[in-house]
Structures are given as C-alpha cells and as structure tokens.
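> The structure follows.
The values are calculated or read from the model by the stated rules, or taken from the named source; none is laboratory data. Owing to the predicted nature of the structure, the values given are computational and were not obtained by experimental measurement. Methodologically, a virtual Cβ is constructed for each residue, glycine included, from the backbone with ideal geometry; neighbour enumeration extends over all protein chains shown. The protein model used for the area step is the full one, side chains on, heavy atoms only, and it has no ligands, DNA or RNA in it. Shrake-Rupley method; radii C 1.70, N 1.55, O 1.52, S 1.80 Å.
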Amino acid sequence: ERFQLEGGTFLITGGTRGVGFHLAHGLLKNGAKQLIILGRTDINKKENREYSQEVAENLKTLRHLGRVDYHPVNVADREALEALREQIGKEVGKLQGILHAAGSKVPFQPLSGYDSDQFVTETLPKTAGTLYLAECFDAINDGFFAIMSSLNTLVPQKYSVAYTVSNTFLDGVAD
C-alpha cells in the first residue's frame, strides 16, 4: 500500500545535512505539508556556530518549500523523544512517516583512537536511536518507518569502525 505524501507530516532525523537533507527536500517538493526535523545540535549555541551556519542555510532552503520545524533532540535520549512525541501528538496528530537519517559528526579514526565511552556515544544515534524512535513514535505514526544505512557496511572506509558498526546494526534491523 502506498503512503500518503501529499499534505502529510513527516519526522526526519538528520534532515539538515547529507542524505537527510536531500530526503527532506524531496518530500517537500513532492507535496509534504510539514517536516519535523530532529538534530543533535542546538543551532543557537555559540560553540556550534560554524556547523549552525550550514544547518541554518539548509533549513532556510527547506522552509522556502514548506513548513519545517527543527528540534535539537538527540534520538539516543529516550526521555527527550517521549516528550517530543507528546508535543507532536498534541500539535500535529498523526505522522505519515519517519525517516531516520542521522549521520556521524565525528571524523573517522582508528579503533585505538576511541575510548569505550566515545565509541558508544558515536554509535548510539543509529543503534539506540533507531529502537527509541520506533518505540516512542509507534502510536502516532500512520505511515512508514525508514532507516538510512550506508554502503560503508559492504565496502568499509579506512578507520570507519564506529560508523560501520552503527550501519551494520541498521542493516540487521531492516532484515
């Protein structure tokens, strides 16, 4: 069964850059009414200025095509997702789909360059974040739940161990 794109509201993680931005752009160009974009970065904080400029420019581009709400929420924070679900449920009602396209903000490095906390932190958005999104938003999602993996799982890049592990997890969830 086809999902309803025209006039629908969609939630996208990582929708401000890379693949997520292109997906967001495509949804709006093809009739989506509203996008709710989640990102780990609070673009209003000074320490995020350089990254925030790119995000702000991309959000401006998307907002020329339709309604776009940006929420600085880490998908690996279950409590924050539950609070956002309550807010979205009250303001929007049902979602027509969820696209989980959160990427990596950390440069690739050898495994020896990680301590265990860094490794876990780097993998959480794609691993725990996937599970939390599915669990938290199931009640208000009337459409699809799509997860974006990477070809990196088939042809890993040098020093991409955390990224490869995260995306391999996504491939396993999709099976």
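> Tell me, what is a quarter of the convex hull surface for the C-alpha atoms of the chain, in nm² with one decimal?
Numbers: hull surface 42.2 nm².
So the Cα hull casts an average projection of 10.6 nm².
> Here's another thing I want to ask about it. Leaving ligands and nucleic acids out of the surface, order Tyr159, Tyr70, Tyr132 by accessible area at 1.4 Å, largest first. Kindly include the intermediate steps, with their values, before the conclusion.
Values: Tyr159 105, Tyr70 40, Tyr132 65 Å².
In descending accessible area the options line up as Tyr159, Tyr132, Tyr70.
> Taking Cα centroids, how far is segment 55-81 from segment 110-143 in Å?
Between the Cα centre of segment 55-81 and that of segment 110-143, the gap is 18 Å.
> Using alpha-carbon pairs under 8 Å, 6+ residues apart, how would you state the relative contact order of segment 60-142 in percent?
Here the relative contact order equals 50 percent.
> Would you work out what percent of the accessible area of segment 20-78, with all protein chains in place, is carbon or sulfur (probe 1.4 Å)? Don't jump to the answer; show the numbers that get you there.
Numbers: 1450 of 3370 Å².
Solvent-exposed carbon and sulfur of segment 20-78 make up 43 percent of the total.
> Just the number please: accessible area per residue for segment 54-175, 1.4 Å probe, all protein chains included, in Å². Present the calculation step by step, with values, prior to reporting the outcome.
Working: 6650 Å² over 122 residues.
I get 54 Å² per residue for this part.
> Related question: Using heavy-atom solvent-accessible surface (probe 1.4 Å) with all chains present, what is the largest-first order of Asp138, Asp115, Asp171? Could the numbers behind the result be given before it?
On the way: Asp138 110, Asp115 80, Asp171 55 Å².
Final ranking, largest accessible area leading: Asp138, Asp115, Asp171.
> Follow-up. List the trypsin sites (Lys or Arg not before Pro) within segment 1-68 that fall in a DSSP loop (any state other than H, G, I, E or B) and whose Cβ has at most 11 other Cβ atoms within 10 Å. Spell out each step's value before the answer.
Working: sites: Arg2, Arg17, Lys29, Lys33, Arg40, Lys45, Lys46, Arg49, Lys60, Arg63, Arg67; in loops: Arg2, Arg17, Lys33, Arg40, Lys45.
Filter output for segment 1-68: Arg2, Lys45.
> On to the next question. Please calculate the 1.4 Å probe accessible area of Ile43, with all protein chains present, and give it to the nearest 10 Å².
Approximately 40 Å² for this residue.
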